[in-house]
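Enquirer: Sharing a structure below in structure tokens format, with a few things to ask.
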């Protein structure tokens, strides 16, 4: 009711505050959805096997966890895509669509739960089709995330390398740059050891080497006299590229000859558990940060922002979360729709 009062009375301050709270609520529900997808993947095969309409799952009992993730992802995708369609183009806080984004939570929680349950009534053929679409959507999310990360790194570099703060920020900048480059080099070395043990692993060697070459190119450009940008931006961007390369090649099946990692036993050591928790929050944080960064994708810069303007693009926010739903599905199933993932 509070948000509706703000809308009717034209209280832009209250509407702006509710909009800021709303993004955290959406982020929290997205985290719960990720946790639900994990539980469905690892612990629900027995329950899903009792549903007779899932008998068409390709691969039998073992594929039910993978399809369960796709079904949860599809429900999350539909919810945020409908929110995108109903809020895109919202510019003013007094618009009804702004109150729809920031309020009416009982209705939206009912929609969220309904959309998460509805995919479990659909046939496996349709879910497999969604899985193919999800691969494309996950690529879009990675592109959005890349642009957002580049913008953030550029802002960080400009802020620390400005003439006013250059003296005070010199030591922290050197420390962060050194740490980023050290982590990047160590990551590349470990990837060569873990994912390219023999010369026959040509594809892995190609991508790892490309990451190394990109790191060297960015360093050379940053040190060029015409750029003179320092090593902070190139170091952080290099670290991000190494992370993307690692997250891509680690999805290979553990029985592959180019993957010398110890095969999971299902029990999980502390490194696996901590890595899973970090990865889970990284997905949510990436979607959250990119979703409120819609101005990065505007062609017109420096536009005046009035008090009754929305604090961020509501439509773009939900579009990013819908694409993030396809991304977490691909991560949880290893980008392979017919692969049974280990716990």
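Enquirer: Could you go through segment 228-235 and let me know if any residue there is surrounded by 14 or more Cβ atoms within 10 Å (Cβ to Cβ), modelled with pLDDT of 70 or more and under 30 Å from residue 200 (Cβ atoms).
Expert: Quick first cut of segment 228-235, residues surrounded by 14 or more Cβ atoms within 10 Å (Cβ to Cβ) only: 229-235.
Add one more test, that the residue is modelled with pLDDT of 70 or more, and what stays is 231-235.
In the following step, the residues that additionally are under 30 Å from residue 200 (Cβ atoms) were identified as none.
Among the residues of segment 228-235, not one is surrounded by 14 or more Cβ atoms within 10 Å (Cβ to Cβ), modelled with pLDDT of 70 or more and under 30 Å from residue 200 (Cβ atoms), which makes the answer no.
Enquirer: Here's a follow-up. Looking at segment 133-145, is at least one residue in a helix (DSSP H, G or I), farther than 30 Å from residue 222 by Cβ, more than 16 Å from the chain's Cα centre (by Cα) and at pLDDT 75 or above?
Expert: Yes, segment 133-145 contains at least one residue that is in a helix (DSSP H, G or I), farther than 30 Å from residue 222 by Cβ, more than 16 Å from the chain's Cα centre (by Cα) and at pLDDT 75 or above.
Enquirer: Can you tell me which residues in segment 116-127 are surrounded by fewer than 18 Cβ atoms within 10 Å (Cβ to Cβ) and in a helix (DSSP H, G or I)?
Expert: 117, 118, 121, 125, 126, listed by residue number.
Enquirer: Working carefully through the options 16, 97, find the one that is modelled with pLDDT under 90 and in contact with a helix residue (DSSP H, G or I) (Cβ under 7 Å, 6 or more places away or on another chain).
Expert: That would be 97, the only listed residue that is modelled with pLDDT under 90 and in contact with a helix residue (DSSP H, G or I) (Cβ under 7 Å, 6 or more places away or on another chain).
Enquirer: Tell me the residue from 144, 221 that is touching a helix residue (DSSP H, G or I) at 6+ places or on another chain (Cβ under 9 Å) and under 23 Å from residue 249 (Cβ atoms), please.
Expert: Working: 221 fails: under 23 Å from residue 249 (Cβ atoms).
Residue meeting the stated conditions: 144.
Enquirer: Can you confirm whether residue 63 is out of contact with any strand residue (DSSP E or B) (no Cβ under 6 Å at 6 or more places or on another chain), outside any helix (DSSP H, G or I) and either within 18 Å of residue 113 (Cβ to Cβ) or modelled with pLDDT under 80 (or both)?
Expert: On the way: out of contact with any strand residue (DSSP E or B) (no Cβ under 6 Å at 6 or more places or on another chain): yes; outside any helix (DSSP H, G or I): no; either within 18 Å of residue 113 (Cβ to Cβ) or modelled with pLDDT under 80 (or both): yes.
Judged against the criteria, residue 63 is not a match.
Enquirer: Yes or no: segment 308-331 includes at least one residue that is within 20 Å of residue 31 (Cβ to Cβ), surrounded by fewer than 24 Cβ atoms within 10 Å (Cβ to Cβ), at pLDDT below 85 and within 17 Å of the chain's Cα centre (by Cα).
Expert: Yes, the conditions are met somewhere in segment 308-331.
Enquirer: Right, something else. Suppose we filter 127, 144 for residues that are touching a residue at least 60 places away in the same chain (Cβ under 8 Å) and under 24 Å from residue 22 (Cβ atoms); which single one remains?
Expert: On the way: 127 fails: under 24 Å from residue 22 (Cβ atoms).
When all the criteria are applied, what remains is 144.
Enquirer: I'd like the full set of residues that are surrounded by fewer than 18 Cβ atoms within 10 Å (Cβ to Cβ), modelled with pLDDT under 80 and in a helix (DSSP H, G or I), limited to segment 201-227.
Expert: Answer for segment 201-227, where residues must be surrounded by fewer than 18 Cβ atoms within 10 Å (Cβ to Cβ), modelled with pLDDT under 80 and in a helix (DSSP H, G or I): just 223.
Enquirer: Same structure, new question: Restricting to segment 190-200, name every residue that is assigned to a helix (DSSP H, G or I) and either more than 26 Å from the chain's Cα centre (by Cα) or on the phi > 0 side of the Ramachandran plot (or both).
Expert: Taking segment 190-200 as the starting set, the residues that turn out to be assigned to a helix (DSSP H, G or I) are 190-195.
The answer is 193, and nothing else.
Enquirer: How many residues does segment 170-200 hold that are out of contact with any helix residue (DSSP H, G or I) (no Cβ under 8 Å at 6 or more places or on another chain) and surrounded by 16 or more Cβ atoms within 10 Å (Cβ to Cβ)?
Expert: The total comes to 1.
The values are calculated or read from the model by the stated rules, or taken from the named source; none is laboratory data. These figures come from a predicted structure and were not determined experimentally. Neighbour counts run over all protein chains shown; Cβ positions are idealised from the backbone, glycine included.
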